[in-house]
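**Student:** So that we are looking at the same thing, I have put the structure below in structure tokens.
What follows is calculated from the coordinates using simple rules that are stated; it is not laboratory data. These numbers come from a predicted model, not from an experiment. Glycine gets a Cβ as well: all are built from the backbone with ideal geometry, and neighbour counts include every protein chain shown.
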Number of protein chains: 2
Amino acid sequence: MRIFVSQLNPIIGDLEGNTKKILYSLEQARLAHAELILFSELILSGYPPEDLLLQRSFVEAHAYYLEQVIAASSGLIVILGLVRQNKERAEKSLINSAAVIYDRKLLGFQDKQLLPTYDVFDERRYFEPVLKTRIWPLKGKRIGILICEDMWQHLEGNYAHDPVLDLVDLQPDLILNLSASPYGFQTLETRIEVCLACARTLKCPVILCCQVGANDQLVFAGYSTYVNKQAELQQLAKGFEEDTMLLDTEAVSTPYTFIIDPFKDLYQALVLGLRDYFVKLGFKKACLGISGGIDSALVACIAVDALGSENVLGITMPSRYNSKQSLLDAIELADNLKITLKQIPIEKPFQAYLELLQPYFVDQKFDATEENLQARIRGAILMAFSNKFGCLVLSTGNKSEMAMGYCTLYGDMCGGLSVLSDLTKQQVYILANLHKQRIPKSTLKKPPSAELKFNQLDSNSLPPYDIIDQVLQGYIEEYFSPEEISYQYQIPLDLVKQLIKRMYNAEYKRQQAAPGIRVSRRAFQAGRRFPIVQKWV
Amino acid sequence: MRIFVSQLNPIIGDLEGNTKKILYSLEQARLAHAELILFSELILSGYPPEDLLLQRSFVEAHAYYLEQVIAASSGLIVILGLVRQNKERAEKSLINSAAVIYDRKLLGFQDKQLLPTYDVFDERRYFEPVLKTRIWPLKGKRIGILICEDMWQHLEGNYAHDPVLDLVDLQPDLILNLSASPYGFQTLETRIEVCLACARTLKCPVILCCQVGANDQLVFAGYSTYVNKQAELQQLAKGFEEDTMLLDTEAVSTPYTFIIDPFKDLYQALVLGLRDYFVKLGFKKACLGISGGIDSALVACIAVDALGSENVLGITMPSRYNSKQSLLDAIELADNLKITLKQIPIEKPFQAYLELLQPYFVDQKFDATEENLQARIRGAILMAFSNKFGCLVLSTGNKSEMAMGYCTLYGDMCGGLSVLSDLTKQQVYILANLHKQRIPKSTLKKPPSAELKFNQLDSNSLPPYDIIDQVLQGYIEEYFSPEEISYQYQIPLDLVKQLIKRMYNAEYKRQQAAPGIRVSRRAFQAGRRFPIVQKWV
């Protein structure tokens, strides 16, 4: 069977625009003489639509657009992901489903059976599962249709029930999967494993169509996948952009070997996350504070690659505590990136604040108050440019700092998007080194400093980043106990506990952070819900 | 049967502290010659523990504290809400459950059957339901145990299955309900209705123990409830504080009539929400900006009632645009409330910013940039006091403003807690008028203004608040479509659509707002999840 896989980048809630893309894909499929066209999960609304699903008029509007797709399907089998409503149900009436359309007729719906409700997924909030496996006999083929999680179970075993095993006795000729599985560092390999495992069990080809593009904090990588009957990887669609894939399940070809550099992918995920946030919101220009340090240097590279040099404005805001070298590094970076750099020293407003507060702060020592003031002045300046010229502010803090609360609320945390908030400091270094033609050598080499007081170094108030990052990995990603982390990474238990406590203490800051681009298996924002007020740690 | 209902205020995750309270309650129950003691849902961990439940060591620690309760239960039946783990299960292994303990023996567990996964509830994220209804024969009584939502279904009918109906054939003598149902304006009546309906169906008494206290954004009101066999309300525990209730299911007494003023309750909910946030975090002192307007006046009253006058610091920060009357109102309010008021004019830092930015803003008009700058200076000053003296900043914006984005991110939105963020402007007026002995008359009477430019009035940039509030009510609470709202409230459709669009456009601000105290049936923060990037509206 000749199958056309349409890997699209939908905008959440844009039924009109998404339908246009779908209709254009039908044309492409027809021109390519395909017999079947496969879309990704909830392609009509984009994934995840979140509480838009609770707005009745939103769900009801789907019918009109589904009709348009049906009307345009002549000669084609169309497998289209969308939410549908089952008004006969007692419980939640919404179903995450795939419409099966053939030649201008709606044949029926294949509903999603396993509803992920963990991490960034809230599907039980909206949908009821439908535990019904069937075969769709289409053009002489016995086709099984699964939606995302329905197939992952086969490898991961989180549910009592495995839709892939249910299909064994039904002897499908072909499995189609509609997917919207967010990018996480090094998760592509697992997805391919899932497809291979399913093909091995069912002894038939598996074709997976995945959403691409970023929606708020989530990035969808694309890389739609075709695995043949022999459970060999045959084709991957492009990563991080829209793509189509035409394949013939009868054709014989050699296995496809793919080489993907996980760090290049990570970088691409950030570029796409940034670009889509801007494009889909209708913003063109970004501004950010350029300190001369590594975080803002990396964010500037990502912004330039996402938006173009001409759309990135750097502002360097030296204070009495900044080294000359920092300013030189900022200038060199801006030159390398061909972005405009404005130099706005913050001494005057800082002085104005100090004088204003002096009568109230008599006999008080210089402390975090004065450090934070500087960061907040910088935040206010960036926001003033944002307000005046309509550019979106990028914040540049990384995950390790966010974990430790080593950042100023309403200061360097200001921004429309937090680009590195899901990258450990060590990952920041690795990515920055991939771009060392553009990032000044001194930026790459000097020890990290916030430069909010004289001779300040991160290492004065934080343990080494490799230790922080290990504790983060163990606690956030693996759910290890402090004892397990101490044992696993050979870090003194006291230090582990102290870092975890510090992490919880900064929860209040993170809950007011700008949305970040999620690139790990477990981010601090999307997919993680912790109380601010708690006494467990 | 003599039953002791222990309405406690737990701290999330404080297994040690919560167990102490539980053990003390056992003593009280024994002294009162009770036969059975009933606690609220998940009392051991506090509700909701959120992702602490994913931390294995947290769940495993429960066993130790359960043992302590069992050991202290001699002579008593104890019904204790807690999370338990069923390691044999294939799917999620956690169960929201009630331990049934009698005289130092654990008799078993009654598991929760219906898991709310909507609004602020995420129970499917953590728990598996156990659909098993049984009777517990204890001291000659046939006792049915339900956990919160298990009983609500009987009135509301959201699920396919009704645990109350399942009990009919089992002929219970008594129903016990462990509950943790968050406060919402005027929801107490519904809860009592639920108990009455259950008593009518099962022809037996219903005793409901509810959690009290605030945890982050959620307030739990208490008001534990006893309804007798004749389906008459017999007793209500106190609202908004810890309480105990001793009752005898055999005793005959007259029905209890309760008169609750919904607006006094609303005020109490805010006081408790603020107090618990501070107390449980270990903060004693609050500071806030006092503008002379109604919102900050109301917040100051709430703060004083929650923390005491001596713990509230007001700061009034006049600019070139503030009226003299505003300053007089701020002073009068502070006098009435006996709080310290500091006057810190923001002209100097404002001037410093304007001069600094002037070279970049040549030929640009005064616009929201300069308005926001003033708000951000005030935010920075409040945060400086917070940093220097360890007081928590209260932000004072209301729900109507938050809906419209009529507030400055990193400006007046700064704060550890947003006290009024779930109150419409109209509710603010009603509550403020309840406190008109303390709030200056001029504050109550003058038209709302942000005073960020000359002669500014809210009504210059916003439609009347009653219209905003109706659209809010219809769209946020009822999920009406714009057409339905226009019809229902007789507001032009264009205006409705324009307000809804404006509401979605401000989503990015709300996602960086300070946590707010949820007091409506649908807040903007807890329980509402909308994408920032979307094109539905």
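**Student:** Lys and Arg at +1, Asp and Glu at -1: add these up for the other residues within a Cβ distance under 15 Å of B:MET383 and post the number.
**Tutor:** Numbers: positive: A:ARG376, A:ARG378, A:LYS509, B:LYS285, B:LYS342, B:ARG376, B:ARG378, B:LYS388; negative: A:ASP367, A:GLU370, A:GLU371, A:ASP412, B:ASP412.
Within the 15 Å Cβ shell, the charges total +3.
**Student:** Kindly flag which residue pairs out of A:LYS20/A:LYS285; A:LYS280/B:LYS497; B:LYS348/B:LYS501; A:LYS501/B:LYS509 have an alpha-carbon separation exceeding 31 Å in this structure. Could you put the intermediate results ahead of the total?
**Tutor:** Numbers: A:LYS20/A:LYS285 27 Å; A:LYS280/B:LYS497 21 Å; B:LYS348/B:LYS501 37 Å; A:LYS501/B:LYS509 29 Å.
From the list (A:LYS20/A:LYS285; A:LYS280/B:LYS497; B:LYS348/B:LYS501; A:LYS501/B:LYS509), the Cα-Cα distance tops 31 Å for B:LYS348/B:LYS501.
**Student:** Averaging sequence separations of C-alpha pairs under 8 Å and six or more residues apart, then dividing by the length of chain A, give the relative contact order as a whole percent. Mind dumping the intermediate values first?
**Tutor:** On the way: 1080 pairs, mean separation 60.8, N = 537.
Once divided by the residue count of chain A, the mean separation gives 11 percent.
**Student:** Translational D (Stokes-Einstein, µm²/s) of segment A:463-505 at 4 °C and 1.567 mPa s when Rh comes from the Kirkwood sum over C-alpha pairs? Each step should come with its number before you reach the end.
**Tutor:** On the way: Rh = 9.8 Å.
Answer, rounded: 132 µm²/s.
**Student:** List the lysines whose Cα lies under 18 Å from the Cα of B:LYS445, skipping any in the same chain that are fewer than 8 positions away.
**Tutor:** Once the sequence-local lysines are set aside, what remains near B:LYS445 is B:LYS324, B:LYS425, B:LYS436.
**Student:** Related question: To one decimal place, what Kirkwood hydrodynamic radius in Å is obtained for segment A:1-58 from all pairs of distinct Cα atoms?
**Tutor:** Details: mean 1/r = 0.0821 Å⁻¹.
Evaluated over segment A:1-58, this radius sits at 12.2 Å.
**Student:** Mind checking which of A:LEU236, A:SER93, A:GLN153 is farthest towards the positive end of segment A:2-252's charge dipole, using Cβ charges of +1 (Lys, Arg) and -1 (Asp, Glu) about the Cα centre?
**Tutor:** Selected residue: A:SER93.
**Student:** Give the dimensionless ratio obtained when the Cα radius of gyration of segment A:141-230 is divided by 2.2 N^0.38 Å.
**Tutor:** Numbers: Rg = 12.9 Å, N = 90, 2.2 N^0.38 = 12.2 Å.
Segment A:141-230 yields a ratio of 1.06.
**Student:** Shifting gears a bit: When the distances between all Cα atoms of segment B:387-512 are binned every 5 Å from zero, what whole-number percent does each bin get?
**Tutor:** 2, 10, 18, 20, 20, 15, 10, 4, 1, 1, 0
**Student:** Rounded to the nearest 0.05, what FRET efficiency do B:SER459 and B:GLU193 give with R0 = 30 Å and r taken as the Cβ-Cβ distance? Could you check?
**Tutor:** Details: r = 40 Å, r/R0 = 1.34.
That gives a FRET efficiency of 0.15.
**Student:** Also, I was wondering about something else. Given R₀ = 35 Å, what would the calculated FRET efficiency be for A:TYR360 paired with B:GLN364, taking r from the Cβ atoms and rounding to 0.05? Before the final figure, lay out the partial values.
**Tutor:** Values: r = 34 Å, r/R0 = 0.97.
Result of the calculation: an efficiency of 0.55.
**Student:** Work out which chymotrypsin sites (Phe, Trp or Tyr not before Pro) in chain B are exposed loop sites (DSSP not H, G, I, E or B, at most 14 other Cβ within 10 Å) and give the longest gap free of them.
**Tutor:** Values: sites that count: B:TYR256, B:PHE258, B:PHE366, B:PHE454.
Longest run free of exposed loop sites: B:1-255.
**Student:** Across 10 Å bins from 0, what is the distribution of all Cα-Cα pair distances for segment B:304-346, in whole percents?
**Tutor:** All Cα pairs, binned at 10 Å, distribute as 29, 50, 20, 1 percent.
**Student:** Also: When the Cα atoms of segment A:221-317 are enclosed in a convex hull and the volume is divided per residue, what value in Å³ results? Spell out each step's value before the answer.
**Tutor:** Numbers: hull volume 10.9 nm³, N = 97.
Spread over its residues, the Cα hull of segment A:221-317 gives 112 Å³ apiece.
**Student:** Please list, or write none, the lysines whose alpha carbon is within less than 17 Å of the alpha carbon of B:LYS141, excluding same-chain residues fewer than 8 places away.
**Tutor:** Partners found: B:LYS203, B:LYS229.
**Student:** With N denoting the number of residues in chain A, provide Rg(C-alpha) divided by 2.2 N^0.38 Å, to two decimal places. Numbers along the way, then the final one.
**Tutor:** On the way: Rg = 25.5 Å, N = 537, 2.2 N^0.38 = 24.0 Å.
Computed over Cα atoms of chain A, the ratio equals 1.07.
**Student:** Tell me the volume per residue, in Å³, of the convex hull enclosing the alpha carbons of segment A:340-460. Display every interim value, and only then the final one.
**Tutor:** Values: hull volume 16.6 nm³, N = 121.
Residue-normalised Cα hull volume stands at 137 Å³.
**Student:** Right, another one. Hull surface divided by four, with the convex hull built on the Cα atoms of the protein assembly as shown: how many nm²?
**Tutor:** Mean shadow area of the hull around the Cα atoms is 42.9 nm².
**Student:** Rounded to the nearest Å, what's the spacing between the alpha carbon centres of segment B:456-502 and segment B:100-164? Just the number, please.
**Tutor:** So the separation of the two Cα centres works out to 40 Å.
**Student:** Nothing charged except the Cβ atoms of Lys and Arg (+1) and of Asp and Glu (-1): what's the magnitude of the dipole of the protein assembly as shown about its Cα centre? Round to the nearest 20 debye. Mind dumping the intermediate values first?
**Tutor:** Values: 114 positive and 122 negative charges, 241 e Å.
Charge dipole of the protein assembly as shown: 1160 debye, to the nearest 20.
**Student:** Ignore the peptide's own chain and count Cβ atoms of other chains within 10 Å of each Cβ in A:402-413; give me the average, rounded.
**Tutor:** Numbers: counts 0, 0, 0, 0, 0, 0, 2, 9, 12, 3, 0, 2.
Whole-number average of other-chain Cβ neighbours for A:402-413 is 2.
**Student:** Test of understanding: express the Cα radius of gyration of segment B:22-111 as a ratio to 2.2 N^0.38 Å, with N the residue count.
**Tutor:** Details: Rg = 13.4 Å, N = 90, 2.2 N^0.38 = 12.2 Å.
Normalised Rg, Cα atoms only: 1.10.
**Student:** Further question: Treating only the Cβ of Lys, Arg, Asp and Glu as charged (+1, +1, -1, -1), what charge dipole size does segment A:2-252 show about its Cα centre? Round to the nearest 20 debye.
**Tutor:** Values: 24 positive and 33 negative charges, 153 e Å.
With only Lys, Arg, Asp and Glu charged at Cβ, the dipole is about 740 debye.
**Student:** Once the Cα atoms of helix B:262-281 and of chain B are each reduced to a long axis, what angle between those two axes, in degrees from 0 to 90 to the nearest 10, is obtained?
**Tutor:** Helix B:262-281 and the main axis of chain B meet at about 90 degrees.
**Student:** With every atom except the alpha carbons ignored, what do you get for Rg and Dmax of segment B:2-260, in angstroms?
**Tutor:** 16.7, 50
**Student:** I'd like to know which of B:GLN110, B:VAL59, B:ILE12 lies farthest towards the positive end of the charge dipole of segment B:2-260, counting +1 on Cβ of Lys and Arg and -1 on Cβ of Asp and Glu.
**Tutor:** Final value for the positive-end residue is B:GLN110.
**Student:** Between the helical axis of B:15-31 and the dominant principal axis of chain B, each derived from Cα atoms, what acute angle in degrees is found, rounded to the nearest 10?
**Tutor:** Helix B:15-31 sits roughly 50 degrees off the main axis of chain B.
**Student:** Using DSSP to define loop residues, name the trypsin sites (Lys or Arg not before Pro) in segment B:421-522 whose beta-carbon has at most 14 other beta-carbon atoms within 10 Å.
**Tutor:** Answer by residue number: B:LYS436.
**Student:** Also, quick follow-up: Sorted from shortest, what are the nm distances separating the label point of B:GLY140 from equivalent points in the other copies, each placed 7 Å from Cα along Cα to C-beta?
**Tutor:** So the distances to the same position in the other copies read 8.0 nm.
**Student:** Now for a separate question. Modelled label-to-label distance, B:ILE430 and B:THR257, 7 Å Cα→beta-carbon offset: nm?
**Tutor:** About 2.3 nm, to one decimal.
**Student:** Taking the Cβ-Cβ separation of B:LEU31 and B:LYS238 as r and a Förster radius of 25 Å, what is the calculated FRET efficiency to the nearest 0.05?
**Tutor:** Efficiency for this residue pair is about 0.80.
**Student:** Any of A:LYS399/A:LYS441; A:LYS365/A:LYS388; A:LYS399/B:LYS365 with alpha carbons more than 31 Å apart? Name them for me.
**Tutor:** Numbers: A:LYS399/A:LYS441 23 Å; A:LYS365/A:LYS388 36 Å; A:LYS399/B:LYS365 39 Å.
In this structure, A:LYS365/A:LYS388; A:LYS399/B:LYS365 exceed 31 Å between Cα atoms.
**Student:** How far is it, in nm, from the label point at B:THR340 to the one at A:GLU477 when both lie 7 Å from their Cα along the line to the Cβ?
**Tutor:** With each label point 7 Å from Cα toward Cβ, the separation is 4.8 nm.
**Student:** Moving on. Taking the Cα centre of segment B:463-503 as the origin and placing charges on Cβ (Lys, Arg +1; Asp, Glu -1), which of B:GLY474, B:GLN490, B:PRO464 is farthest toward the positive end of the dipole?
**Tutor:** Among B:GLY474, B:GLN490, B:PRO464, the one farthest towards the positive end of the dipole of segment B:463-503 is B:PRO464.
**Student:** Can I ask one more? Note the distances from B:LEU170 to each other copy's matching label point, with points 7 Å along the Cα-to-beta-carbon direction, in nm, sorted shortest first.
**Tutor:** Here the equivalent label points are 3.6 nm apart from this one.
**Student:** In degrees, nearest 10, range 0 to 90: what is the angle between the Cα axis of helix A:425-434 and the longest Cα principal axis of chain A?
**Tutor:** Roughly 80 degrees between the two axes.
**Student:** Also, quick follow-up: Averaging over all projection directions, find the projected area of the Cα convex hull of segment A:53-199 and quote it in nm² with one decimal place. Before the final figure, lay out each step's value.
**Tutor:** Numbers: hull surface 38.9 nm².
Dividing the Cα hull surface by four gives the mean projection, 9.7 nm².
**Student:** Please give the charge dipole size of segment A:463-505, origin at the Cα centre, charges +1 on K and R Cβ atoms and -1 on D and E Cβ atoms. Round to the nearest 20 debye.
**Tutor:** Roughly 240 debye, rounded to the nearest 20.
**Student:** Measuring from a point 7 Å out along Cα→Cβ, what nm distances, shortest first, does B:GLN230 have to its partners in the other copies?
**Tutor:** Taking the point 7 Å beyond Cα along Cα→Cβ, the inter-copy spacings are 8.3 nm.
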